[in-house]
Every structure is written in structure tokens, then in C-alpha cells.
Amino acid sequence: MTAEILITGTSGLIGFRILLDALATGHKVYFTVRSEAKAEIILSNPEIKILAPGDRLNPVIIPDFTVDGAFDDILKDITHVIHAGSPVTNPAFDPKTEIFEPTVKISAAILASALKSPSVQRVVITSSVVANVGLDPASNIPSAATRGTLPDPIPSEFNDIQEAYVLAKMIEVEASKVFVKKHSPNFTVAHVFPGYIFGRNGLIHDATQMQTANSSNTYFILGMLGGELPFPIPGSYAHIEDVSNLHLRVALLDPSSPDIAKDWGISTEVNFDTIFDHVKKAFPKAVADGIFTRGKIVTLPFPYDSSDTERFLGAPLKSLEIAAVDVASQYLELLGKNKA
Ligand SMILES: NC(=O)c1ccc[n+]([C@@H]2O[C@H](COP(=O)([O-])OP(=O)(O)OC[C@H]3O[C@@H](n4cnc5c(N)ncnc54)[C@H](OP(=O)(O)O)[C@@H]3O)[C@@H](O)[C@H]2O)c1
């Protein structure tokens, strides 16, 4: 079917990939950004231009996504919403106003506007595996069906960005479920819970940006560029292409599917300290030339059950090796180096 899809977060790693894939599969897409400048970055992107979407691609400027009614106008003719436009754990952000509040409020604003639009059939919200686990270590193997335990009371101030991020993701999921129960909307809502995402980022145009403005890739590229992540991270990984594919498949699920009420997790347990080994195998000359050097990423165990997602997608999830080679490949391209 041809859908009219609204995608948020297209100026970010995941949303942009979803946008490319939605256009490549023939859909008409509206994308929300906070400024004309961001819209122009997307419209002028070389990968977008290759797809020549014409009037299948439409920017919508919403300066503040958190305002009540912000999505009322744009949702009037939209059939499907994919909401990936939410903050990640940027150390420069204020935990409350730049992570917790937008995470919870934007999702609420989208659902409230969708309720006023008879055309909306489906809303898919990007969450994170942190919502499946919460702040305490998991006692069982988590999956899309599990939820961390919310503290009581929920703090109004946060110790750090990670605490704000985890609690925001947990509360957003809970609030969306309560919303659906209360309003029984004409549309269905599903969450996608990814682990750390790694892969090519079509918004990056120089090698420096790959290390500084690249969402989660900023962490993992350290592993091939001789850097050291100053804190350990859970070994929870998902390839950007699988994450995008999953969002679109979940969004466009047949309304009569028995899976329509399901949420979906996507995380493979990995050791991020192997990233350099994969790069060395694929690009021995670049390693010999000193372009890639071993970095250090201390990885904590993070088992997770994504078996239903693999069955749903009909293929094994892409390995960490594929992501490491894709990112190294993009880095070499941006340096103008031979990929031999
Ligand atoms: N990357 C990962 O490893 C990972 C893993 C699990 C889940 N996720 C989730 O995936 C989603 C997107 O992550 P990403 O990696 O694509 O991050 P990203 O590259 O930092 O992009 C974030 C996107 O969200 C938008 N955004 C952030 N705060 C906003 C706000 N207050 N109001 C409106 N828009 C806002 C950004 O718009 P601007 O350009 O205007 O800032 C950008 O388009 C988030 O929900 C994140 O929690 C990411």
C-alpha cells in the first residue's frame, strides 16, 4: 500500500535512515524539523537527491514539538506516524529540560493530535531497550515485553542524563499505554526498542563530523580510531538498516495482523571491543597506514531476546562486523581514501 507517512527526527541518525527507506519504497513522506535550516539540510542531501522524490517529500517546520496541538495541522491527512525525533544522551544537555521533558511531552503531543485526525491508522514510537530494563540490573533476559520498575515517587530532578533518559523512556511507554486505554483511538500504537545503533549516517559529510555529530556512532567509532570511551556501556547493538526496516515494517503492518498490538525489541549482545578486529580484517591497508588504530570500549553483558523480531523480519539481524565495516567504509570515503 502507499502510505502518507509523517516521520519525526529526520535530522538525526535513525529518522534520516527511515526517511530514505520510506522514499525508496515509494511512500509519500512528510517530515517535521524544528527549523528551515534543518529542512534544507535534508532536502539538499545527496542521498535524497538520488531518490528524486519530487512531491513525495514534504518538510513541515514545527519550532517546538512539545506544544499542545503542535501536530494538529500536519496530521490531518497522514495515515502513519513514525516518531523518532527525541533526544539521546548528549552530555551537553540538561537532564530535565532537554532529555526528560521532550521525550515524554513530544510523544504525548503527537498522540493528542492524532486523536483529532480520522486519517491516522498507526503510530510507531522509537523507544530504547533501557525502557525494558529500567535503572536496576535485569533479573531475567529482557525483551520488548518486559518493563523496568519505575521508582516511586518519580524524581522531579535527575542525578545525570542517563537517569533522565531511562526514566523518560519508561514513562513515555507507560503514558502511551494509558492514553490508548483511556481513549481507545482509531489508530494503533507500537513501540520499537533498539539497542545502541551503529551504521552509516547519510547526514554526515566529513570525517570530523563522524566523530562529533553522529549520535551513537560517535561512541563506537572510538573503537577504530584509537579512542577510549570513558565509561563502560552495555553490549546492546542494532544495525541502523535493521532498525529502519523494523520501523517501516511495524508501521505498515496489516491492521488485521495478530501482531498489531505488539511492541518490538531489536538488540544483539556484543562486545564493542571487537570493532577494531572487524575493521582490521576488512581494511588491512588502512590499518597498516595508521588510519585505523585499536581503541577501547569497555562492554558490560547485555543479554536480550529479539527472536520474535528476527522471525518478523525474516532474516538474522545484521552482525556488529557489518556495522563496523559500514562505518569504517564511510570514514574512508570521507577521507577520500582507497577502500582496498
Ligand atoms: N542512537 C541510538 O543508539 C539509539 C538507541 C536506542 C534508541 N534510540 C532512540 O532513537 C531516537 C532517535 O535517536 P538518534 O540516534 O537518531 O538521535 P539523533 O541523531 O541525536 O537525532 C535525534 C533527532 O530527534 C530530534 N530531537 C531531539 N530533541 C528534540 C526536541 N526537543 N524537539 C524536537 N526534536 C528533537 C533531533 O532534531 P534536531 O536536529 O532539531 O535536534 C533529531 O532529528 C531517540 O528516541 C532515541 O532515544 C537511539
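The values are calculated or read from the model by the stated rules, or taken from the named source; none is laboratory data. Bear in mind that the values here come from a model prediction, so they are computed numbers and not experimental data. Neighbour counts are summed over all protein chains in view; Cβ atoms, including those assigned to glycine, are modelled from backbone coordinates with ideal geometry. We work out accessible area using only protein heavy atoms, side chains counted, and drop any ligands, DNA or RNA first. Shrake-Rupley method; radii C 1.70, N 1.55, O 1.52, S 1.80 Å.
Does the range 46-64 contain at least one residue that is in contact with a Leu (Cβ under 9 Å, 6 or more places away or on another chain), of a type in the set (Gly, Ala, Ser) and assigned to a helix (DSSP H, G or I)?
no
Within the range 77-117, how many residues turn out to be assigned to a helix (DSSP H, G or I), open to solvent by 50 Å² or more (accessible area, probe 1.4 Å) and either closer than 25 Å to Pro194 by Cα or at pLDDT 95 or above (or both)?
7
Can you name the residue in the range 22-35 that is farther than 14 Å from Asp77 by Cβ and buried (at least 19 other Cβ atoms within 10 Å of the Cβ) and, of all such residues, is farthest from the ligand (Cβ to nearest atom)?
Leu23
Looking at Val67 and the list (1) under 30 Å from Phe100 (Cβ atoms); (2) without any contact (Cβ under 8 Å) to a residue 40 or more places away in the chain; (3) over 19 Å from the mean Cα position of the chain (by Cα); (4) open to solvent by 60 Å² or more (accessible area, probe 1.4 Å), which single condition is not satisfied?
For Val67, the exception is condition (2).
Working carefully through the options Val192, Val173, find the one that is within 16 Å of the ligand (Cβ to nearest atom), more than 14 Å from Ala108 (Cα to Cα) and β-branched (Val, Ile, Thr).
Just a single option satisfies the conditions, and that option is Val192.
Only one residue in Phe71, Phe16, Phe31 is of a type in the set (Phe, Trp, Tyr) and in a helix (DSSP H, G or I). Which one?
From the options Phe71, Phe16, Phe31, the qualifying one is Phe16.
Looking at the structure I just gave you, is Asn201 open to solvent by 10 Å² or more (accessible area, probe 1.4 Å), under 26 Å from Ala39 (Cβ atoms) and at pLDDT 95 or above?
It is false that Asn201 is open to solvent by 10 Å² or more (accessible area, probe 1.4 Å), under 26 Å from Ala39 (Cβ atoms) and at pLDDT 95 or above.
With the structure loaded, tell me whether Ile48 is within 14 Å of the ligand (Cβ to nearest atom) and in contact with a helix residue (DSSP H, G or I) (Cβ under 7 Å, 6 or more places away or on another chain) or whether it fails that test.
no
Checking the conditions here, which among Ser236, Ser184 is within 13 Å of the ligand (Cβ to nearest atom), farther than 20 Å from Leu20 by Cα and either touching a Cys at 6+ places or on another chain (Cβ under 9 Å) or polar (S, T, N, Q) (or both)?
One residue alone meets the criteria, Ser236.
With surrounded by fewer than 17 Cβ atoms within 10 Å (Cβ to Cβ), touching a residue at least 12 places away in the same chain (Cβ under 8 Å) and at negative phi as the only criterion, which of Glu163, Glu174 stands out?
The unique qualifying residue is Glu174.
Within the set of pairs 6 or more residues apart or between chains, which connect a residue that is of a type in the set (Lys, Arg) and buried (at least 18 other Cβ atoms within 10 Å of the Cβ) inside the range 311-336 to a residue that is at pLDDT 95 or above and assigned to a loop (DSSP other than H, G, I, E, B) with Cβ atoms less than 9 Å apart?
Lys318/Gly199
Within the range 123-149, take every residue that is over 21 Å from Arg311 (Cα atoms) and hydroxyl-bearing (Ser, Thr, Tyr) and give me the one that is farthest from the chain's Cα centre (by Cα).
Here the answer is Ser139.
Can you pull out the residues in the range 1-13 that are near the ligand (Cβ under 7 Å from one of its atoms) and open to solvent by 30 Å² or more (accessible area, probe 1.4 Å)?
Passing the criteria: only Ser11.
Just checking, does the range 211-223 include any residue being open to solvent by 50 Å² or more (accessible area, probe 1.4 Å), more than 15 Å from the ligand (Cβ to nearest atom) and either modelled with pLDDT of 95 or more or not in a helix (DSSP H, G or I) (or both)?
no
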